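Handing you a structure now.
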Amino acid sequence: MHTIGYSYLTIYKLIAYADLEAKTKKCTTTFDELNTQIKTSEKRMAEIQVLKKHIINYAKTRDVYTAYRKAGYSKKFYEEHRAELALHKAAKAAFDELSAKKLPTIKTLQAEYADLLSKKKNAYGQYHSAKKEMQDILTAKANIDRLLELEQKQKEKEKSQEQR
């Protein structure tokens, strides 16, 4: 227990406890920022995948929907093309939810996705080293805290014995 804390402090030249606390805070903050960045990228990438699916489905089913309208919204036509019309309706609902004046193109979405994927991979590389560094310093700090606590208890015990 003692050597983990001491060797870490020696390697990183953390002489004062305040330096250890500052380094711990910095490592934790860096890790948290990378984690947030990765999750944000993943969330947007998932949104892009869904939007691409809806754009493709809309394009594939547009002619069927147009024919359905021309057929006077016929029940027979609807039953024959239920699946396509359901995809079309879901795509329109998704577009309405976006409330965007103009939908992005598939090419634009693919470029954004590729950019996010690249940033995510880069962040993951940093994430793993930041996680290891954070774990190491948290372990070292916990060990130092335990040592300081033991020293404090020992001093209190000696003080108590002196008072007797």
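The values are calculated or read from the model by the stated rules, or taken from the named source; none is laboratory data. Here the structure is a predicted model, which means the values were calculated and not measured. Cβ atoms come from the backbone with ideal geometry, glycine included; neighbour counts cover every protein chain shown. Keep in mind that these areas ignore ligands, DNA and RNA; they rest on the heavy atoms of the full protein, side chains included. Shrake-Rupley method; radii C 1.70, N 1.55, O 1.52, S 1.80 Å.
Filter the stretch 58-72 for residues that are farther than 15 Å from LYS92 by Cβ and not hydrophobic (A, V, I, L, M, F, W, C); which is most open to solvent (accessible area, probe 1.4 Å)? Let's see the steps before the verdict.
Looking only at the stretch 58-72, we keep the residues that are farther than 15 Å from LYS92 by Cβ, and these are 67, 70-72.
Checking the rest, the ones that are also not hydrophobic (A, V, I, L, M, F, W, C) come to 70, 72.
Numbers: LYS70: 173, GLY72: 54 Å².
In this case the residue turns out to be LYS70.
Another question, if that's okay. When the stretch 101-128 is examined, which residues are found to be touching a residue at least 60 places away in the same chain (Cβ under 8 Å), open to solvent by less than 50 Å² (accessible area, probe 1.4 Å) and in contact with a Lys or Arg (Cβ under 9 Å, 6 or more places away or on another chain)?
LEU109, LEU116
Kindly indicate whether THR108 is in a helix (DSSP H, G or I), more than 30 Å from GLN135 (Cα to Cα) and of a type in the set (Ser, Thr, Tyr). I'd like the intermediate steps shown before the answer.
Details: in a helix (DSSP H, G or I): yes; more than 30 Å from GLN135 (Cα to Cα): yes; of a type in the set (Ser, Thr, Tyr): yes.
Against the criterion (in a helix (DSSP H, G or I), more than 30 Å from GLN135 (Cα to Cα) and of a type in the set (Ser, Thr, Tyr)), THR108 qualifies.
Further question on the same structure: Hey, could you check the stretch 41-57 for residues that are open to solvent by less than 60 Å² (accessible area, probe 1.4 Å) and either in contact (Cβ under 8 Å) with a residue 24 or more places away in the chain or of a type outside the set (A, V, I, L, M) (or both) and say which is nearest to ALA93 (Cα to Cα)? Full working, then the answer.
Filtering the stretch 41-57 down to residues open to solvent by less than 60 Å² (accessible area, probe 1.4 Å) leaves 41, 45-46, 48, 51-52, 54-55, 57.
Narrowing the set further to residues that are either in contact (Cβ under 8 Å) with a residue 24 or more places away in the chain or of a type outside the set (A, V, I, L, M) (or both) leaves 41, 45, 48, 51-52, 54-55, 57.
Details: SER41: 24, MET45: 20, ILE48: 16, LEU51: 11, LYS52: 14, HIS54: 9, ILE55: 11, ASN57: 12 Å.
Per the criteria, the residue is HIS54.
Going through the stretch 80-134 one residue at a time, which ones are closer than 24 Å to TYR65 by Cβ, charged (D, E, K, R) and under 24 Å from the mean Cα position of the chain (by Cα)?
Selection gives GLU97 alone.
Right, here's the next one. Of these, TYR73, TYR65, TYR58, which one is of a type outside the set (Val, Ile, Thr) and on the phi > 0 side of the Ramachandran plot? Talk me through it step by step, then tell me what you get.
On the way: TYR65 fails: on the phi > 0 side of the Ramachandran plot; TYR58 fails: on the phi > 0 side of the Ramachandran plot.
Only one candidate qualifies: TYR73.
Quick check on the stretch 150-157. Is at least one of its residues part of a helix (DSSP H, G or I), polar (S, T, N, Q) and modelled with pLDDT of 90 or more?
Step one: list which residues in the stretch 150-157 are part of a helix (DSSP H, G or I), which gives 150-157.
Filter once more, so that each one left must be polar (S, T, N, Q): 152, 154.
Among the residues that remain, those that are also modelled with pLDDT of 90 or more are: none.
Looking for residues that are part of a helix (DSSP H, G or I), polar (S, T, N, Q) and modelled with pLDDT of 90 or more, one finds none in the stretch 150-157, hence no.
Please tell me if ARG62 is touching a His at 6+ places or on another chain (Cβ under 9 Å) and among the charged types (D, E, K, R).
yes
Any residue at all in the stretch 77-100 that is surrounded by fewer than 11 Cβ atoms within 10 Å (Cβ to Cβ) and outside any helix (DSSP H, G or I)?
Within the stretch 77-100 (the criterion being surrounded by fewer than 11 Cβ atoms within 10 Å (Cβ to Cβ) and outside any helix (DSSP H, G or I)), the answer is yes, since at least one residue qualifies.
Moving on. Given (1) touching a Leu at 6+ places or on another chain (Cβ under 7 Å); (2) closer than 28 Å to LYS25 by Cα; (3) at pLDDT below 95, identify the lone condition not met by PHE95.
Condition (2) is where PHE95 drops out.
So is LYS131 farther than 20 Å from ILE55 by Cα, open to solvent by 90 Å² or more (accessible area, probe 1.4 Å) and either of a type in the set (Gly, Ala, Ser) or in a helix (DSSP H, G or I) (or both) or not? Steps first, answer last, please.
Numbers: farther than 20 Å from ILE55 by Cα: yes; open to solvent by 90 Å² or more (accessible area, probe 1.4 Å): no; either of a type in the set (Gly, Ala, Ser) or in a helix (DSSP H, G or I) (or both): yes.
No.
Would you pick out the residues in the stretch 29-40 that are open to solvent by less than 40 Å² (accessible area, probe 1.4 Å) and either in contact with a Pro (Cβ under 7 Å, 6 or more places away or on another chain) or within 14 Å of LYS132 (Cα to Cα) (or both)?
The initial filter retains those residues of the stretch 29-40 that are open to solvent by less than 40 Å² (accessible area, probe 1.4 Å), namely 31, 34, 38.
Matches in the stretch 29-40: PHE31, LEU34.
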